[in-house]
Amino acid sequence: MIDNLSAIIFLSISILLTVGAFYLMSITLRGLPEEKPWHPMVDGGVDSPEFKKYMKTVTRRVHPEMVDVEPGEELMGVTFEKKIVVIWKSTKLCNKG
């Protein structure tokens, strides 16, 4: 009796989970936009007014430390090349004899 009850409970839960999964997938597919999104290289290229408008739109905030930096201003650069400095000792200092 308990084996039959366990099987019925297992099958009913499996069926409910399967139906719920397909329900969630169908809601997601219905919510997708039907028109294709605008892409600058497909819809007119760089000369299109949409692309020019997109390029003029600021898409992110300026970092607080970069507020005073003007466009084209040179920023601090770092070079990681090793420079060999040779210091020659005088032979008179080395030979004390």
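Just so you know, all these numbers are worked out from the coordinates, no wet-lab data involved. Remember, it's a predicted structure, so these values are computed and weren't measured experimentally. In this analysis, Cβ positions are derived from the backbone assuming ideal geometry, glycine residues included, and neighbour counts consider all displayed protein chains.
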Straight-line reach from Lys36: which aspartates and glutamates fall under 13 Å, measuring Cα to Cα and dropping same-chain residues less than 8 apart? none
Residues whose placed amide H lies under 5 Å from that of Gly44, excluding near-sequence neighbours: none
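Going by how many other beta carbons lie within 10 Å of each one, how would you line up Thr79, Thr28, fewest first? It would help to have the intermediate numbers written out before the result.
Numbers: Thr79 5, Thr28 9.
Ranked by crowding around the Cβ, least crowded first: Thr79, Thr28.
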Go through the range 77-85 residue by residue and turn each phi into a ³J(HN,Hα) via Karplus (6.51, -1.76, 1.60, θ = phi - 60°); whole Hz please, and just put x for glycine and proline. x, 10, 10, 9, 8, 7, 9, 8, 10
